[in-house]
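A short worksheet on the structure shown next.
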Amino acid sequence: MKLEGIHHITCITADAPGNVEFYVGVLGLRLVKKSVNQDDPTVYHLFYADEKGSAGSDITFFEYPGAGRGRAGAGMIHVITWRVSSEEALDFWEQRLAGGGIETTHADGRLRFEDPEGLGLELAVVESDDEPLIASHPEIPAELALQGFDGVRAYAQNPEASRRLLEEALEFEAGGPNGWEARGRQRGGLYGYDEPPAESGIGGAGSVHHVAWASTMDEHEAWRERVASAGARPTPVIDRFYFRSIYFREPSGVLFEIATLGPGFTTDEPLESLGERLALPPNYEPLRDRLEEQLTPLPDPRAAWTVN
């Protein structure tokens, strides 16, 4: 069995409207699902991805209004990397982000920056046979757009403690000092460690909650058994309606999820109108009126676009 790279990455925001403006309006992703946190349906769960809502491009956010600013520390992911096609793309993004007041660092085929809440982000020029996962935006040429995730990096006190789980149970392939790749038949994703800062980490706005790795539907139960046999104490399989999930912490402390490639975001909405209305799994549908009244109104940056 092989995991099909990164499925999604889930983070925390204190400002859902600003979050939409940045990830849709600036980075050019598509809001493909406007839903609720299924463990706390009083708050949003927003999903941004390519035009089709593909696994491998999907960054998601729980909104906790008023949450304090987070800070990555040991046992936390501190940078998320997307692929782009060329140095020309990095130049484009450097100028575009500067126009929005976002400071960047451009070196060695990479562009580093933070989102408005301090989440560490990076664009990297990557040659890959993986399908480019691109969203449409009238100001961003397709050849310069984000192409899906390349990987994530976490802080760890002792990376060696995670090697056995990553390589033997999860079948990650070692790729340099404190770096691994999960690569399946269709897609790959990188995972690596850096030395942590002296300050302890704080969960909050601008921090990563967990990273999910992609499994085929028919192998999902087997992955749970393998993780359990390695001593990682996975949850039971949880039906998230759009995919099925198990969760566990790897030895460094990072929360991992293994999520299935399906059923997918078009289970309850047509592709053409993904993300336009509040989407609720059937068991939360009776709460719709109360939730729509309680949840923060969101902008729709795509409403005025003419997307060809």
Figure the gain on full extension for Ile202 and Glu88 (residue separation times 0.36 nm, minus the Cα-Cα span) and round it to one decimal in nm.
37.5 nm
Fewest Cβ neighbours within 10 Å first, please rank Thr10, Thr260 accordingly.
Thr10, Thr260
If you place +1 on the Cβ of every Lys and Arg, -1 on the Cβ of every Asp and Glu, and leave all else neutral, what size is the dipole of the stretch 1-117 about its Cα centre, to the nearest 20 Debye?
260 debye
Count neighbours as other Cβ atoms within 10 Å of each site's Cβ, and list the GluC sites (Glu not before Pro) in the stretch 125-159 that are DSSP loop with at most 15 such neighbours.
Glu127, Glu139
Dipole magnitude of the stretch 104-253, debye to nearest 20 (Cβ charges: Lys/Arg +1, Asp/Glu -1, about Cα centre):
540 debye
Are there chymotrypsin sites (Phe, Trp or Tyr not before Pro) in the stretch 242-308 that DSSP marks as loop and that have at most 14 other Cβ atoms within 10 Å, and which are they?
Trp305
How high is the relative contact order of the stretch 56-176, in percent, counting Cα pairs under 8 Å that sit 6 or more residues apart?
34 percent
Farthest toward the dipole's positive end in the chain, which of Ile59, Ala230, Gly73, given Cβ charges of +1 (Lys, Arg) and -1 (Asp, Glu) about the Cα centre?
Ala230
Between Gly204, Gly253, Gly101, which gets the highest mean-square fluctuation from a Gaussian network model of the chain, Cα cutoff 10 Å?
Gly101
Out of these labelled values of volume of the Cα convex hull per residue in Å³, (i) 150; (ii) 130; (iii) 117, which was calculated from the coordinates shown here?
(ii)
The FRET efficiency for Glu168 and Ser273, from their Cβ-Cβ distance with R0 = 41 Å and rounded to 0.05, is 0.40
Could you list His78, His7, His106, His210 so that the one with the fewest beta carbons within 10 Å of its beta carbon is first and the one with the most is last?
His106, His210, His78, His7
Relative contact order for the stretch 6-298: what percent, with Cα pairs under 8 Å and sequence separation of 6 or more?
24 percent
Using unit Cβ charges (K, R positive; D, E negative) and no other charged atoms, how large, in debye to the nearest 20, is the dipole of the stretch 6-298 about its Cα centre?
720 debye
Between the stretch 181-230 and the stretch 55-85, what is the C-alpha centre distance in whole Å?
13 Å
Highest GNM mean-square fluctuation, the chain, Cα pairs closer than 10 Å: which of Ile102, Ile59, Ile246?
Ile102
Alpha carbon centre of the stretch 92-154 versus the stretch 246-308: separation in Å?
23 Å
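No lab work stands behind these numbers, since they all come straight from the coordinates. Being a predicted model, the structure only gives us computed values, none of them experimental. Note that each Cβ is placed from the backbone with ideal geometry, even for glycine, and that neighbours are counted across all protein chains shown.
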